[in-house]
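Right, one structure below, let's go through it.
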Amino acid sequence: MLKPESERFLLNIGAHLTGELQDVEPVRVLGVHLKHFRNISLGTWFPGEAFNVLSGANGSGKTNWIEALGVMSMRRSFRAAPRADWIQAGAPLAELSFKLKLREGIKRLDLQIRAAGKIEYAFEGVRWHKEASLPYLFPVEVFHPGDAALIGDADSIRRDFLDTLLVSIDPSFSRIHQRYQKTLASRNRLFRLGRYERVLHRPYERLLAESASLIIAAREGLIRNLIPTVQAVIAELHAEPVEVRLCYVPTLPKDSEAALKTYEQSFNDEKRLGFTRKGPHADRCYFELAGRGARYQASAGQARMLVLALKLAAFALRARAHGRLPVLLLDDVTSELDERKRQRLFEVLARLECQVFITTTHPSYIQVSAQRADVHVAHGVLAPL
Ligand SMILES: Nc1ncnc2c1ncn2[C@@H]1O[C@H](COP(=O)(O)OP(=O)(O)OP(=O)(O)O)[C@@H](O)[C@H]1O
Ligand SMILES: [Mg+2]
């Protein structure tokens, strides 16, 4: 159960969202055991219930420890590293074993990663094939320095962020998205093979148009819910309010019949190009701060604040959707934030009832005193500070 003040915070930053907060429960990592993961040969950790601060020199293994938590929940690295890189150099496989406090009770989750990239889960000691349910069962929300790309040039990174968040809120979105991607690949294959018969293309175009209209509606709906929350978080972190917009410009009309017509009309163009140019895979998606493109407008600190607010808004949305507070992984969150924003960020985080893991080169940068557990990392080895 949440404390009244954290409930107020979530209500404040997510007032527009539906769902009962009374039922929201934090997910907690009670124990972690790692073997041959990155530079961690063997290590066991019993993290604190609230704030866990990992400090140590550059290259000591702080990010590796929280990356392991992310890998367990997301089946991928938040650093986008290939699976083979997760395994300690020279070892045949990596093993991760977690004790988790979930809504379902205290559960054990194990993961084996093999050099060929094969991964295998066990739940309560039994081989488990329901990994797709992990974003709901054991949700984690991550902030790490590479997330700065969310404000960068590539619209695809923002589209992926929206789509991944949609999947973590509503499993049915995953099916729509996969159907779209498969159909897109099939139609592009026709172009590659030089098959331009309209009779071959039309069934794919209908499927694309139908899935596209669902994807566009879902993304627009998510942005409508997300941005007021982002705005509210920024207002909490920042003294003055900043106007944030996430501009989404679909390349197809939302109506599926109109989208089908667009495919019909742009067929000759796409034939010349040799691929499907229009659709949710090509939509424009960019941030504006105070009416100007954030890419060139935002300072490094403002960009970081925007990304942080985005992640906290996603956190609130997921908490409401599934009645469980994700675990927060914050990798090197304090750099580029000025003293005042750092203080405000920690005030905000302290009001959330979730478990937080935060890395830093020096523990004094983390201005949190209550419910704090410090560990020091050197050569992958954790020691209480
Ligand atoms: N597969 C691997 N096998 C062995 N060592 C690895 C492997 N992958 C990464 N490392 C080592 O892990 C270290 C990096 O760890 P990590 O990124 O966690 O550092 P960090 O403490 O977060 O540093 P910083 O403060 O610079 O962010 C490097 O020394 C790197 O060589
Ligand atoms: Mg690091």
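The values are calculated or read from the model by the stated rules, or taken from the named source; none is laboratory data. Bear in mind the structure is a predicted one, so any value in this text is a computation, not a measurement. Don't worry about glycine lacking a Cβ; one is built from the backbone with ideal geometry, like all the others, and counts go over all protein chains shown.
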*At least 1 residues that are more than 14 Å from ligand 2 (Cβ to nearest atom) and in contact with a Gly (Cβ under 9 Å, 6 or more places away or on another chain) in each: list the strands (runs of 3 or more DSSP E) lying fully within region 319-385 that qualify.*
372-378, 381-384
*Scan region 362-385 and report the pairs whose first residue is without any contact (Cβ under 8 Å) to a residue 12 or more places away in the chain and whose second residue is hydrophobic (A, V, I, L, M, F, W, C), with Cβ atoms within less than 9 Å and a gap of 6+ or a chain change.*
ALA383/VAL375; ALA383/VAL377; PRO384/ALA373; PRO384/VAL375
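Go over the candidates ALA218, ALA122 one by one and state the one that is without any contact (Cβ under 8 Å) to a residue 60 or more places away in the chain and assigned by TED's automatic domain parsing to the domain that holds GLU288.
ALA218
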*Name the pairs: first residue in region 129-151 and in contact (Cβ under 8 Å) with a residue 40 or more places away in the chain, second residue among the aromatic types (Phe, Trp, Tyr) and within 16 Å of ligand 2 (Cβ to nearest atom), Cβ to Cβ under 6 Å, at least 6 apart or on different chains?*
VAL142/PHE78; HIS144/PHE78
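To keep it simple, each residue is scored yes or no on (1) in the same structural domain as SER168 (by TED's automatic domain parsing); (2) of a type in the set (Val, Ile, Thr); (3) under 30 Å from VAL348 (Cα atoms).
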{"site": "GLU197", "(1), (2), (3)": "yes, no, no"}
{"site": "HIS201", "(1), (2), (3)": "yes, no, no"}
{"site": "LEU208", "(1), (2), (3)": "yes, no, no"}
{"site": "ARG224", "(1), (2), (3)": "yes, no, yes"}
{"site": "VAL230", "(1), (2), (3)": "yes, yes, yes"}
{"site": "PRO241", "(1), (2), (3)": "yes, no, yes"}
{"site": "ARG245", "(1), (2), (3)": "yes, no, yes"}
{"site": "VAL249", "(1), (2), (3)": "yes, yes, no"}
{"site": "ALA259", "(1), (2), (3)": "yes, no, no"}
*Would you check which residues across region 324-358 are of a type outside the set (D, E, K, R) and within 19 Å of ALA300 (Cβ to Cβ) and list them?*
LEU330, VAL333, THR334, SER335, LEU337, GLN343, LEU345
*So which residues in region 171-215 are touching a residue at least 60 places away in the same chain (Cβ under 8 Å) and over 27 Å from the mean Cα position of the chain (by Cα)?*
ARG187, ASN188, PHE191, ARG192, TYR196, ARG198, HIS201
*For ARG292, which of the numbered conditions (1) outside the structural domain of VAL167 (by TED's automatic domain parsing); (2) away from ligand 1 (no atom under 16 Å from the Cβ); (3) free of Cβ contacts under 8 Å to residues at least 40 places away in the same chain fails to hold?*
(1)
*The one condition in (1) away from ligand 1 (no atom under 16 Å from the Cβ); (2) in contact (Cβ under 8 Å) with a residue 24 or more places away in the chain; (3) aromatic (Phe, Trp, Tyr) that PHE346 fails to fulfil*: (2)
_Just the residues that are touching a helix residue (DSSP H, G or I) at 6+ places or on another chain (Cβ under 6 Å) and among the hydroxyl-bearing types (Ser, Thr, Tyr), please, taken from region 170-185._
SER174, TYR180, THR183
*Flag if ASP331 is crowded, with 17+ Cβ neighbours inside 10 Å, of a type in the set (Asp, Glu) and under 19 Å from the mean Cα position of the chain (by Cα)*: yes
*Hey, SER168 touching a Pro at 6+ places or on another chain (Cβ under 7 Å) and either among the small types (Gly, Ala, Ser) or touching a residue at least 24 places away in the same chain (Cβ under 8 Å) (or both) or not*: yes
